[in-house]
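The values are calculated or read from the model by the stated rules, or taken from the named source; none is laboratory data. On a predicted model such as this, the values are computed, not experimentally measured, just so you know. We place every Cβ from the backbone using ideal geometry, glycine too, and count neighbours over all the protein chains shown. Note: accessible area is taken over every heavy atom of the protein model, side chains too, but ligands, DNA and RNA are not part of it. Shrake-Rupley method; radii C 1.70, N 1.55, O 1.52, S 1.80 Å.
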Amino acid sequence: IMKAQIIVENVSKSYKTYIKEDRLVNKIKGIFNRKYEYIEAVTNISFTVNSGEILGLVGLNGAGKTTIIKLVSGIIKQDKGSIVVLGSEPFTRTKNYRKQVSLLMGQKGQLDPDLSIIDSVKLFASIYSIKRNEAILRAKSMANELLLSDVDLRKQVRNLSLGQRMKGELILSFLNLPKIVFLDEPTLGLDFITQKAIRNYLKNYKEKYNASIILTSHYITDIEELCDNIFIINKGKELYYGSIDKLKGMMSDTRSV
């Protein structure tokens, strides 16, 4: 049964940033009398994600995609509006919520460069109260799906390629079999075969565990192949929310050059 696991209603978030002056006199003045600017990161956005659904966040750099991921995952709190994930407010970060949610950011890794992937798996297993043997079996099964060899699982992370590290990050993110997954550019800088392996893994996982996934990506293939619905954002505001097919229907077939 499809049910809404992520509900976002009229959410806004703005950041306060310090304006740095150029001239030395103004810099000294700025120490005592700072000038600030408010930047609207997202304005009045609303969407829902059902169980077994992948929502794609699409937009230019700086459009507000990562801010949305941070809001719905509970890293930052919204200024206005309401966010409900699995029946609770994400920012309260209850133990039940943290056990069922996973976040993967392409630019920020969780793997320790001095440890192997399997060492990190053992660490995460103890954090999530998963039996060690069960965690290792899960990790090996996922590595097999992601075309990652047993040798790679035991190498120091600093000696792995970007693609191998990203697969390791995915293994850690899915170790607790989360119901909700937030992925911020998971295929960033990866080769075609690695991207395909990750896409296949996400499709299978969504169907097997009826999970809700929010994904940001600049690769149109990720969006087309994976997403049930897309949310296009521009300068923090909603441009379009719905299916890809509906969006294609809104576009004309002819183009003037």
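Rundown of residues vs (1) touching an Asp or Glu at 6+ places or on another chain (Cβ under 9 Å); (2) without any contact (Cβ under 8 Å) to a residue 24 or more places away in the chain; (3) closer than 22 Å to residue 8 by Cβ; (4) of a type in the set (Asp, Glu), yes/no style:
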| position | (1), (2), (3), (4) |
| --- | --- |
| 155 | no, no, no, no |
| 168 | yes, no, no, no |
| 173 | no, no, yes, no |
| 235 | yes, no, yes, no |
| 243 | yes, yes, yes, no |
| 246 | no, yes, yes, no |
| 257 | no, yes, no, no |
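When residue 123 is tested against (1) at pLDDT below 90; (2) open to solvent by 80 Å² or more (accessible area, probe 1.4 Å), only condition (1) is not met. Here the condition is being farther than 22 Å from residue 4 by Cα, hydroxyl-bearing (Ser, Thr, Tyr) and touching a helix residue (DSSP H, G or I) at 6+ places or on another chain (Cβ under 8 Å); of 205, 219, 240, it holds for 219 alone. Considering the range 1-103, the qualifying strands (runs of 3 or more DSSP E), each wholly inside and each with 2 or more residues that are farther than 18 Å from residue 213 by Cβ, run over 4-18, 36-50, 80-85. Among the numbered conditions (1) polar (S, T, N, Q); (2) touching a helix residue (DSSP H, G or I) at 6+ places or on another chain (Cβ under 7 Å); (3) closer than 19 Å to residue 102 by Cα, the only one that residue 141 does not meet is (2). In the set 101, 121, 72, only one residue is under 21 Å from residue 166 (Cα atoms), hydrophobic (A, V, I, L, M, F, W, C) and touching a residue at least 60 places away in the same chain (Cβ under 8 Å); that residue is 101.
Screening residue 136 on (1) modelled with pLDDT under 90; (2) more than 26 Å from residue 212 (Cβ to Cβ); (3) out of contact with any Asp or Glu (no Cβ under 7 Å at 6 or more places or on another chain) shows it passes everything except condition (1). Scanning the range 133-182 for residues that are more than 18 Å from the chain's Cα centre (by Cα), of a type in the set (Val, Ile, Thr) and farther than 14 Å from residue 110 by Cα yields 136, 151.
Here's a check for you: in the range 138-176, which residue that is hydroxyl-bearing (Ser, Thr, Tyr) and assigned to a helix (DSSP H, G or I) is most open to solvent (accessible area, probe 1.4 Å)? Filtering the range 138-176 for residues that are hydroxyl-bearing (Ser, Thr, Tyr) and assigned to a helix (DSSP H, G or I), the one most open to solvent (accessible area, probe 1.4 Å) comes out as 141.
The strands (runs of 3 or more DSSP E) found entirely in the range 177-257 that carry 2 or more residues being open to solvent by 70 Å² or more (accessible area, probe 1.4 Å) and within 19 Å of residue 47 (Cα to Cα) are 237-242. In the range 217-257, the residue that is nearest to residue 189 (Cα to Cα) out of those that are under 20 Å from the mean Cα position of the chain (by Cα) and small (Gly, Ala, Ser) is 217. Of 194, 216, all but one fail to be β-branched (Val, Ile, Thr), farther than 14 Å from residue 102 by Cα and touching a residue at least 60 places away in the same chain (Cβ under 8 Å); the exception is 216. Is it the case that the range 126-137 has a residue that's out of contact with any Phe, Trp or Tyr (no Cβ under 6 Å at 6 or more places or on another chain), closer than 23 Å to residue 194 by Cα and open to solvent by 60 Å² or more (accessible area, probe 1.4 Å)? Looking for residues that are out of contact with any Phe, Trp or Tyr (no Cβ under 6 Å at 6 or more places or on another chain), closer than 23 Å to residue 194 by Cα and open to solvent by 60 Å² or more (accessible area, probe 1.4 Å), one finds at least one in the range 126-137, hence yes.
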